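The structure under discussion appears below in the form of structure tokens.
The values are calculated or read from the model by the stated rules, or taken from the named source; none is laboratory data. Only a predicted model underlies this, so the values are computations on that prediction, with no experimental measurement involved. Backbone-built Cβ (ideal geometry, glycine too); neighbour counts: all protein chains shown. These area figures cover heavy atoms from the full protein model, side chains too; ligands, DNA and RNA do not enter into them. Shrake-Rupley method; radii C 1.70, N 1.55, O 1.52, S 1.80 Å.
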Amino acid sequence: MLCLAGYSLHKTYTDIGNDIRVLRGTNLEVECGDFVCITGKSGCGKSTLLHILGLLDEPDSGKVFIKGVEVSTHHPQANQIRNQQIGFVFQFHYLIDDLNARENVVLPMLIAGANKSVAFQKADELLRLLELSDRAWHYPNQLSGGEQQRLALARALINQPHIVLADEPTGNLDPQHSTEIWNLFQRLNRELGQTFVIVTHDPELAKLAHKSYELRDGQLF
């Protein structure tokens, strides 16, 4: 079953009077349980594509589907779809400094209206899964870069999304922590069947994916 699909996606930006066409009828289909990587040169449109698929940006034309349902930033339930069906992991973790690890993880589930005790129980389960239980009461500035990114992943997973979109998730990590995060993505994909679409600048890491695409000239190859 298709978990996520984008068809005939076009996107053009204007910069100092020049039109920059980053997507030119781009197509992507992602099966449920897939582990997909997208590579490409800096500025080629990888992040733009991911943002469109995650309803953070709108294409000039084209359509996006999640589990067969057409969605967009204009969908009346776009906020709920982003919160409950899509998990996001970015290069910069965007954790809330004033919340401890446990509170950062639980936030999307509370926003979705879940029972507080149930939400914190789920957060504790994820912290155990990602080997962060002993850091539950620490604040982001008390965590290493790898721990912060694992925490961001726990937050992305808490609402059991159909798909996790990760934009250069290891871009700010050293090689050791990068490998740890990728191994974790693979384990979650293998053991939980979690679907991933990951943008990366590292072609060697991309080779570990089930499917790998290069974005160039606005198309996936």
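Summarising the label geometry, the points placed 7 Å from Cα in the beta-carbon direction at His201 and Glu31 lie 3.2 nm from one another. Can you bin segment 161-221 into rounded, prolate or oblate? Criterion: square roots of the alpha carbon gyration tensor eigenvalues sorted a ≥ b ≥ c, rounded for a/c under 1.5, prolate for a/b above b/c, oblate for the rest. Taking the square roots of the gyration eigenvalues as a ≥ b ≥ c, segment 161-221 is oblate.
At most 15 other Cβ atoms within 10 Å plus a DSSP loop assignment makes a site exposed; report the longest stretch of the chain without any exposed trypsin sites (Lys or Arg not before Pro). Of all site-free stretches, the longest is 68-206. Shown in residue order for segment 153-170 are the 3J(HN,Hα) couplings computed by the Karplus curve 6.51 cos²θ - 1.76 cosθ + 1.60 at θ = phi - 60°: 5, 4, 4, 5, 8, 5, 8, 6, x, 5, 8, 10, 9, 10, 10, 6, x, 10 Hz (x for Gly and Pro). With a simple spin-label model that places each label point 7 Å from the Cα along the Cα-to-Cβ direction, the separation between Tyr7 and Glu58 comes to 2.1 nm.
Leaving out ligands and nucleic acids, and using a 1.4 Å probe, what accessible area per residue does segment 32-121 come to in Å²?
Ligands and nucleic acids excluded, the result is 49 Å² per residue.
Below 8 Å, C-alpha to C-alpha, sequence gap of six or more: please give me the relative contact order for segment 74-221 in percent.
Details: 188 pairs, mean separation 42.0, N = 148.
Answer for segment 74-221 is 28 percent.
A probe of 1.4 angstrom, applied to the heavy atoms of all protein chains, finds Glu168 with accessible area near 30 square angstrom. You can think of it this way: the chain between Asp174 and Asn79 has 30.8 nm of extra reach, that is 0.36 nm per residue less the Cα-Cα gap. Taking Cα extents along the principal axes in Å as calculated from this structure, the corresponding entry among (i) 49, 40, 38; (ii) 44, 34, 33; (iii) 54, 45, 27 is (i).
In sequence order, segment 60-70 has phi-based couplings of 5, 7, x, 9, 10, 10, 10, 6, x, 9, 5 Hz under the Karplus curve 6.51 cos²θ - 1.76 cosθ + 1.60, θ = phi - 60°, and Gly or Pro positions carry x. Modelled spin-label separation between Arg128 and Leu208, with each label point placed 7 Å from Cα along the Cα-to-Cβ direction: 2.6 nm. Oblate is the label for segment 5-78, because the ratio a/c of its alpha-carbon gyration tensor axes (a ≥ b ≥ c) is 1.5 or higher and a/b is not greater than b/c. Counting DSSP beta bridges in the chain, what percent are antiparallel, to the nearest 5? Roughly 55 percent of the beta bridges in the chain run antiparallel, per DSSP.
For Thr195, nonlocal amide neighbours, meaning residues 5 or more places apart or on other chains whose placed amide H falls under 5 Å from its own, are Gly33, Val164.
Going by alpha carbons, how many degrees (0 to 90, nearest 10) lie between the helix axis of 116-129 and the longest principal axis of the chain? Result, in degrees: 80. Quick one: check the C-alpha center-to-center distance for segment 162-221 versus segment 1-64, whole angstrom. What the calculation gives is 16 Å, centre to centre.
The lysine pair count for the chain, using Cα distances under 29 Å and pairs eight or more places apart or on different chains, is 19. Cys residues of the chain that find no other Cys beta carbon under 4.7 Å: Cys37, Cys44. Measuring with a 1.4 angstrom probe and ignoring ligands and nucleic acids, Cys32 comes out at about 60 Å² accessible. Largest to smallest in accessible area, the residues Glu191, Glu70, Glu131 fall in the order Glu131, Glu191, Glu70 (1.4 Å probe, all protein chains included).
Axis of helix 101-111 versus longest Cα principal axis of the chain: the two differ by about 60°, to the nearest ten degrees. Residues Val199, Val69, sorted by accessible area with the largest first, give Val69, Val199 [1.4 Å probe; ligands and nucleic acids excluded]. Of the whole protein surface, His210 contributes about 110 Å² of accessible area at a 1.4 Å probe radius.
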